[in-house]
Amino acid sequence: MDAATHIVILTETDSLEKRVALTPEGVQALKKEHEAIRITVETGAGEASGYADKEYVEAGAETGEDRKALAASADLLLAVNFPPDEVIRGMKKGSAVISFMWALQHADRVKMLQECNVTGVAMDTIPRISRAQSMDALSSMSNIAGYRAAIIGADTLNRYMPMMMTAAGTIPPARVLVLGAGVAGLQAIATAKRLGAIVEAFDVRPVVKEQVESLGASFVEVPLEEDEGDTETKGGYAKELSERNKAKQQEVVHERVKKSDIVITTALIPGRPAPKLVTRAMVEDMKSGSVVVDIAAEQGGNCELTVPGETISHHGVMVCGPLNLPSTLANHASKLYSKNILSLLKLMLKESTLVFPFDDEIVLNATVTHDGELVSPFVKEHS
Ligand SMILES: NC(=O)c1ccc[n+]([C@@H]2O[C@H](COP(=O)([O-])OP(=O)(O)OC[C@H]3O[C@@H](n4cnc5c(N)ncnc54)[C@H](O)[C@@H]3O)[C@@H](O)[C@H]2O)c1
């Protein structure tokens, strides 16, 4: 690859997508550190997230209209979602793409990258280790999803969130239950608290109890049979529960759901379909006008009644299954994603040239394919 690496950013094509992979601020930061780099942004690529072409040009990028020509001339394509097939197939051999990839769910993408000899770097396989925190786009986006989940809950509920003492009487605060207290869940808790609700949360990993309580929420205890080590993997993720424990959890959760005005579900077990935590019977026991916000809708949902992408009413309870929540906050989501990309590029740009230091576990795990070969040990192990 010659010295003047050409970085290209195309307009995202998914109908729900408003984000852009690199902001004008990101362009400026890259150009400051690597003057020789050429950056071209497709005309209008930042428009839906509030970043105008003019800002990109002022930051040092060029703009171009011909998507096909831009893809063909890119040494590195930066994207949020994995680009359409025709874009990848139109790229040069030896060039690279960085985007969310979901290689385990999309073997076809991996095969295409190998066939085209395009290096694929996946933002979703960056290991969740301390050194990679600034590159952790999954966490940046989940944080937004958790925040939006609480806002959607408050917006859909036909009652107040905070306690209201008015001349016409006192209204008690809403009760919010958050199931799954990972990145999204903790942000949902913090946001619901800020809106004045009484919040409680449950997670199968007892280690999060302290984090839940530090946000001012109470932790729902379920007396599970395994000890702490058994519900969590070495990497800090949840494991699937045994059938006996699932039944115990359901019993306790049912009681809490019944009393809640809003239930926000964010439970995830990596590589598995979303665990079903809220049953039809539980929803039918909720007060009319209550709300379930299920942000695991993309993975099949934590609630039995969730319809991905839709809000349905069941016995007067609204069940929301929103998709692509980060896109609904496209300006900040793009800003954070762009910063995550920049942090990763610090490891992969040397003297303005793209490099792949596979002795670095972050680059190794994030690189799905290189030189037509499968690289990421994470993807190899799980596919
Ligand atoms: N809708 C959207 O736009 C959007 C955006 C980002 C993330 N998400 C989804 O949000 C969910 C959470 O993402 P995250 O980054 O916070 O994941 P995370 O891994 O940080 O958190 C998931 C939590 O669920 C817990 N959990 C697993 N099984 C459980 C069970 N049976 N009961 C209670 N808790 C359980 C885990 O212990 C973990 O704390 C995922 O499904 C993710 O795909 C959706």
D (Stokes-Einstein, µm²/s), Kirkwood Cα radius, segment 50-159, 0.890 mPa s at 25 °C: 148 µm²/s
Which GluC sites (Glu not before Pro) from segment 126-234 combine a DSSP loop assignment with at most 13 other Cβ atoms within 10 Å? Glu221, Glu225
With only alpha-carbon atoms in the gyration tensor, what are the semi-axes of the equivalent ellipsoid for segment 143-323, in Å, largest first? 25, 18, 15
Hydropathy first: keep DSSP H helices in the chain averaging at least 0.5 on Kyte-Doolittle, then drop any whose Cα extent along the axis falls short of 24 Å, and list what survives. 137-156
For the cross-link pairs Lys18/Lys68; Lys259/Lys335; Lys111/Lys335; Lys209/Lys248, which exceed 28 Å when the distance is taken from alpha carbon to alpha carbon? Lys259/Lys335; Lys111/Lys335
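What percent do you get for the relative contact order of segment 143-323 when only Cα pairs under 8 Å and 6+ apart count? Can you show the working numbers first?
Working: 388 pairs, mean separation 35.6, N = 181.
In percent, rounded to a whole number, it is 20.
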At most 11 other Cβ atoms within 10 Å and a DSSP loop assignment: could you name the GluC sites (Glu not before Pro) in segment 337-383 that fit? Glu351
Only helices counted: for the chain, with every DSSP H run of 4 or more residues adding -39500 (n - 2.57) and the sum spread over all residues, [θ] at 222 nm is -10000 deg cm²/dmol
Percent relative contact order for the chain, counting Cα pairs under 8 Å at least six residues apart, stands at 19 percent
Positive-pole candidate from Val363, Ile189, Ala132, dipole of the chain, charges at beta carbon: Ile189
For q = 0.14 Å⁻¹, Debye-computed log10 I/I(0) when each Cα of segment 252-356 counts as one equal scatterer: -0.64
Please provide three numbers in whole Å: the alpha-carbon extents of segment 12-112 along the principal axes, with the largest listed first. 39, 30, 24
Percent of beta bridges antiparallel (DSSP, the chain, rounded to nearest 5): 30 percent
Inverse mean reciprocal Cα-Cα distance (Kirkwood Rh) of the chain, Å: 22.2 Å
Starting from the Cα of Lys93, draw a straight line to each of the aspartates and glutamates and keep only those under 16 Å, dropping any in the same chain fewer than 8 residues away. Asp2, Asp75, Asp85, Glu115, Asp371, Glu373
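Peptides 125-138, 295-308: what's the order by average Cβ count within 10 Å, highest mean first? Write down the numbers at each step before the final one.
Details: 125-138: 17.2, 295-308: 20.9.
Highest mean packing first, the order is 295-308, 125-138.
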So which residue, out of His254, His370, His106, gets the largest mean-square fluctuation from a GNM of the chain using Cα contacts under 10 Å as springs? His106
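A short reminder: the numbers here are calculations on the coordinates, not readings from a lab. Source: prediction; values computed, not measured. Because the Cβ atoms are built from the backbone with ideal geometry, glycine has one as well, and the counts that use them run over all protein chains shown.
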